[in-house]
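Novice: Handing you a structure now.
Every number here is computed from the coordinates shown, using simple stated rules; none is lab data. Computed from a predicted model, the values in this text were never measured in an experiment. Positions of Cβ are backbone-derived with ideal geometry, glycine not excepted, and every protein chain shown enters the neighbour counts.
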Ligand code: FAD
């Protein structure tokens with residue numbers, strides 16, 4: 001397999017960097033090719049602005065989606081964005097790795113998504129009409145590829161449990177797993193989340209590294225999260241509401257968009 005790890009931590013000596021190295025070594029030992037986009041080390045520009053669209057006249061009003069579409073179609077996106085898109089085309093597996101900061105990914109990684117996920121590449125793909133609402137949520141440019149998150153959190157696992165004060169981790173990560181990975185077509189694997197990491201000692205590091213190696217070894221066989229496909233018959237078009245008969249069982253919120261286990 002060809003694996004791209006997009007890594008967001010500012011400190012080369014961090015726990016995240018050590019875990020990234022564990023993941024890379026495990027993947028390479030299993031015979032996979034690996035590329036890493038180390039966003040801080042690359043000096044990644046996080047904010048979308050006029051400079052992202054060099055072909056757009058300086059005085060023109062910036063409409064981001066329209067400019068993105070035009071630049072993608074005309075191959076005039078900036079070189080840093082095009083290089084990341086090429087890596088995504090190359091990879092059959094994408095891993096996003098980051099520390100949980102304010103319940104989500106660090107801004108630099110969100111900025112990678114904002115800039116690399118161009119109109120025509122990650123969104124606006126396929127027919128958009130009253131009969132069909134695009135190739136997305138299970139279809140799209142990344143269909144057939146796998147993706148997963150590697151996340152560290154200061155909070156305890158219980159804090160992120162069903163009744164934990166932070167809210168369930170699957171809910172917190174839903175906008176990334178469903179909205180950023182499943183949306184352009186990735187098959188999404190369950191995340192690898194390490195909790196209470198600020199108190200890590202050698203023993204816990206070794207335990208976590210071992211579990212991470214196992215996840216890397218089983219990337220191709222791990223069952224994915226069973227997100228419902230937008231065009232798989234579960235949603236009403238064009239309102240994109242889940243069909244009423246599929247809401248049985250009292251499930252609410254984000255979990256509605258996962259097919260219940262048989
Ligand atoms: P580091 O600080 O690099 O290391 C953590 C611990 O691991 C240290 O004790 C270190 O000694 C040990 N360690 C590092 N490397 C090794 C190694 N190779 N071997 C053995 N031990 C090692 N947490 C939440 O749960 N929810 C939040 O919303 C949240 N928001 C945050 C927002 C901000 C802005 C910040 C700064 C932190 C936030 N946190 C939050 C905490 C954050 O998630 C953790 O601090 C982070 O995940 C730790 O990862 P790190 O790579 O930075 O760890």
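Novice: Can you tell me what share of the DSSP beta bridges in the chain is antiparallel? A percent to the nearest 5 is fine.
Specialist: 15 percent
Novice: When the chain is fully extended, how far beyond the present Cα-Cα distance does residue 207 get from residue 2, taking 0.36 nm per residue of separation?
Specialist: Taking 0.36 nm per residue and subtracting the Cα distance, the gain is 71.2 nm.
Novice: What is the spin-label model distance, in nm, from residue 60 to residue 214 if the labels are put 7 Å beyond Cα along the C-beta direction?
Specialist: Modelled inter-label distance: 5.3 nm.
Novice: Another question, if that's okay. If you find the alpha carbon centre of region 11-27 and of region 44-116, how far apart are they in angstrom?
Specialist: Going from one Cα centre to the other spans 25 Å.
Novice: Which FRET efficiency value, to the nearest 0.05, do you get for residue 243 and residue 86 by plugging their Cβ-Cβ distance into 1/(1 + (r/R0)^6) with R0 = 45 Å?
Specialist: 0.70
Novice: Using 0.36 nm per residue, how much length does the chain from residue 234 to residue 40 gain when fully extended, once their Cα-Cα distance is taken away?
Specialist: 65.8 nm
Novice: Related question: Which whole-number percent is the relative contact order of the chain (Cα, under 8 Å, 6+ apart)?
Specialist: Computed over the chain, the figure is 19 percent.
Novice: Return the whole-Å distance between the Cα centroid of region 228-262 and the Cα centroid of region 145-175.
Specialist: 22 Å
Novice: Between residue 157 and residue 226, what FRET efficiency follows from the Cβ-Cβ distance if R0 is 30 Å, with the result rounded to 0.05?
Specialist: Details: r = 22 Å, r/R0 = 0.75.
For R0 = 30 Å, the calculated efficiency reads 0.85.
Novice: Indicate the gyration tensor shape class of the chain (rounded, prolate or oblate), computed on the Cα atoms with a ≥ b ≥ c the square roots of the eigenvalues: a/c under 1.5 is rounded; otherwise a/b larger than b/c is prolate and the rest oblate.
Specialist: Oblate, because a/c is 1.5 or more while a/b does not exceed b/c.
Novice: Would you mind telling me the antiparallel percentage of the DSSP bridges in region 100-210, rounded to 5?
Specialist: Numbers: 2 of 8 bridges.
If we restrict to bridges inside region 100-210, about 25 percent are antiparallel.
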